[in-house]
Amino acid sequence: MARGSAVAWAALGPLLWGCALGLQGGMLYPQESPSRECKKLDGLWSFRADFSDNRRRGFEEQWYRRPLWESGPTVDMPVPSSFNDISQDWRLRHFVGWVWYEREVILPERWTQDLRTRVVLRIGSAHSYAIVWVNGVDTLEHEGGYLPFEADISNLVQVGPLPSRLRITIAINNTLTPTTLPPGTIQYLTDTSKYPKGYFVQNTYFDFFNYAGLQRSVLLYTTPTTYIDDITVTTSVEQDSGLVNYQISVKGSNLFELEVRLLDAENKVVANGTGTQGQLKVPGASLWWPYLMHERPAYLYSLEVQLTAQTSLGPVSDFYTLPVGIRTVAVTKSQFLINGKPFYFHGVNKHEDADIRGKGFDWPLLVKDFNLLRWLGANAFRTSHYPYAEEVLQMCDRYGIVVIDECPGVGLALPQFFNNVSLHHHMQVMEEVVRRDKNHPAVVMWSVANEPASHLESAVLPACPWLDWEGDPGRWLASVGVSASRPAQWEGCPYPDSSGDQISTHPNCGFLFCSFFFFLRWSLTVCYYSWYHDYGHLELIQLQLATQFENWYKKYQKPIIQSEYGAETIAGFHQDPPLMFTEEYQKSLLEQYHLGLDQKRRKYVVGELIWNFADFMTEQSPTRVLGNKKGIFTRQRQPKSAAFLLRERYWKIANETRYPHSVAKSQCLENSPFT
Ligand code: GCB
């Protein structure tokens, strides 16, 4: 991509077009090991938003060439965090265009002097287009806001005697265009009697605030110059033995040896192997089970990989340890099976969202959320509507929370959002999601998009080519009996109506998800029953739900997950008999849904995910009161009445479906975190 167009912010359509970076190498989560060191760059960065009319001043004046403070005033900006809600400057909250982050780092001497050390700069995510300079040198660009990217910067830091101070400058553009994911449009408002000259707004077509910035950690880490670049693990079960297939890619030299050991949770070696690929057999394996499905859920082994290699500078070793859960996933005509047992998704949809930090990663928030999930008795969530931070998936692996991993294909609402450039980018993003998340036992399903306007002629483009794509490592291929190994979710694809018409019959569409967007301009039949239509008529829910389920199942003979349902509820609003927006209404609506779901639950409905776990911020509009309030928890994670109702239901379902059957404890305060 030409830098000329990169800086032409006003012409952002072309900016991101044709920018296929191609996946280079693996994206293993950085970790410390005897051969690897990490240096987190969380904390305060210098920050400036480029408020110039064309947003190009930073490029015109080459702000990356010198320390940022030399080209103008800067403010402190915490990383990780969205920048939007940090300052008192309202212009920053709604800012569209380039923002600039900068941070100086002192490197350990060994990193700059030992030529057998490789130094990597890794950015957990930068929403949504980023350009990175190291000491003023253009180093890295990335398109797409919710996935990591990295660059080997050894040649920039190992350049002579002690250049241990490093200046990292990152320019980030949050503009959404017809070819970004999610897409958006820039609208110039030209009526000068109403708007000043050059006035524009960013239009989005999804229901969450477009928070931006360095929302996940930035870090530096080292590996030896010959290193373990990627590991792919797939698992299966043969009688009582677990089979762990591994494939390892090594970069830097062809002269190497690999040793692989699989350790159980007590650190006992249970299998070992050598070479870049192989199969490890674990007799009497402890399987990875979801939370509340087994006495000992979320069992993780550790795959220790040791590399020894010859380089021109002498021998090097590299060590990497990957958590491995042995489990299988399969889909039948009416069931979703984990380890051969029927699994019912009783969970939530989430957002990465909280006060002040926006979408910024935050450990206290994450641990609180997992405590709430366990309290609730939830066994699954969907990463609506984008891939979440890697640490979230690690927690899911450890807690046994099953994940539907969604890519940011959300808001695909207009015909101009479907074209070859978009398709190419969509596929690239899916490849990046799979590359990053392929080894998490918790992830059982890829979600390709949320509610695309697939009634449009052009809309088939992003769906089906990806579904034919064989980039998935094939972990669960055999049992599903389709060509993609995980059932790919194409939510509401194409928008079905309750008669079951228009649903994609693509064989890899293993699931039908029934949740539909509510934009009234499409006048769609939606299934936020008694919310986006038939306002207040809770008595209709059961009938409408039953009609929808029956028509779909009759036609497609596939299991169904109710992927969203819910009601806007302002905590503290009360009214009985229930009226919309009150806690009583949310509870009653849920009760009606639950009666409807229970009719089909033991037949072919295999899950229910409430919309939403917690209230979250959206763009301002007359239909949103400080954001979307469909949470069963407030944005501050306090329960509304519906949370208690849902909790009772989820524990009840858990007790019915637990395997081997025994009563699940309804508290999560026991000694073991995995009650
Ligand atoms: C949906 C969307 C979700 C919205 C939700 C709502 O169908 O998938 O992004 O927030 O409805 O509350 O309207």
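The values are calculated or read from the model by the stated rules, or taken from the named source; none is laboratory data. As the structure is a computational prediction, the values presented were derived from the model and not from experiment. All Cβ positions, even for glycine, are placed from backbone atoms using ideal geometry, and neighbour counts span all protein chains on display. Remember, those area values only see protein heavy atoms, side chains included, never the ligands or the DNA or RNA. Shrake-Rupley method; radii C 1.70, N 1.55, O 1.52, S 1.80 Å.
Where the alpha-carbon atoms of the range 286-340 are placed on the principal axes, they occupy 58, 26, 12 Å, in descending order.
Paramagnetic label reach from residue 581 (point 7 Å along Cα→Cβ; backbone nitrogen cut-off under 16 Å): within the range 626-644, residues 626-631.
Here the dipole of the range 373-445 is about 160 debye; that uses its Cα centre as origin and unit charges on the Cβ of Lys and Arg (positive) and Asp and Glu (negative). Scanning residues 5 or more positions from residue 176 or on other chains, none has an amide H under 5 Å from its amide H, with H placed 1.01 Å from N in the peptide plane. Summary of the geometry: the range 566-611 and the range 73-123, compared by the centres of their Cα atoms, lie 43 Å apart. Close amide H partners of residue 560, meaning residues 5 or more places away or on another chain with modelled amide H under 5 Å apart, are 605, 606.
Maximal additional length on extending the residue 626-residue 539 stretch stands at 28.4 nm, based on 0.36 nm per residue less the C-alpha distance. When each of the peptides 116-122, 547-553 is scored by how many other beta carbons lie within 10 Å of its residues on average, the order from highest to lowest is 116-122, 547-553.
Shown in residue order for the range 355-364 are the 3J(HN,Hα) couplings computed by the Karplus curve 6.51 cos²θ - 1.76 cosθ + 1.60 at θ = phi - 60°: 4, 6, 7, x, 9, x, 5, 8, 4, x Hz (x for Gly and Pro). Other residues within the sphere of radius under 12 Å centred on the Cβ of residue 585, judged by their own Cβ, net out at -1 (K and R +1, D and E -1). Residue by residue, the range 387-397 carries 3J(HN,Hα) couplings of x, 7, 4, 4, 4, 5, 5, 4, 4, 4, 4 Hz when phi is fed to the Karplus relation 6.51 cos²θ - 1.76 cosθ + 1.60 (θ = phi - 60°); x denotes Gly or Pro.
Suppose R0 equals 45 Å. What FRET efficiency, 1/(1 + (r/R0)^6) with r the Cβ-Cβ distance, do residue 200 and residue 367 give to the nearest 0.05?
The value I calculate is 0.65.
These residues, 294, 574, 426, go from largest to smallest accessible area, 1.4 Å probe, as 574, 294, 426.
Summarising the amide proton neighbourhood of residue 311: residues at separation of 5 or more, or on other chains, whose placed amide H is nearer than 5 Å comprise 316.
Of the peptides 634-645, 411-422, the order by per-residue mean of other Cβ atoms within 10 Å, starting with the highest, comes out as 411-422, 634-645.
Once both labels are positioned 7 Å from their Cα atoms along Cα-to-Cβ, the gap between residue 310 and residue 619 label points is 6.2 nm. Phi angles of the range 135-152 translate, via the Karplus equation with coefficients 6.51, -1.76, 1.60 and θ = phi - 60°, into HN-Hα couplings of 6, x, 9, 4, 10, 6, 9, 8, 10, x, x, 10, 9, x, 8, 8, 9, 6 Hz per residue; Gly and Pro are given as x. Accessible area per residue was computed with a 1.4 Å probe on protein heavy atoms; residue 190 scores about 120 Å². Pairs spanning more than 23 Å between alpha-carbon atoms, out of 438/600; 341/555; 554/600; 603/652: 438/600; 341/555. The heavy atoms of residue 603 offer some 120 square angstrom of accessible surface to a 1.4 angstrom probe. Gap in Å between the Cα centre of the range 212-237 and the Cα centre of the range 397-458? Value for the Cα centre distance between the two parts: 21 Å.
Put a dot 7 Å past the Cα of residue 394, heading toward its Cβ, do the same for residue 644, and the two dots end up 3.7 nm apart.
Give me the percent relative contact order of the range 225-324, please, defined on Cα pairs under 8 angstrom at least 6 residues apart. Don't jump to the answer; show the numbers that get you there.
Values: 217 pairs, mean separation 28.7, N = 100.
So the answer I get is 29 percent.
Relative contact order for the range 137-245: 13 percent, from Cα pairs under 8 Å spaced at least 6 residues apart, divided by residue count. The residues neighbouring residue 568, those whose beta-carbon lies less than 14 Å from its own, together hold a net charge of +1 under the Lys/Arg +1, Asp/Glu -1 convention.
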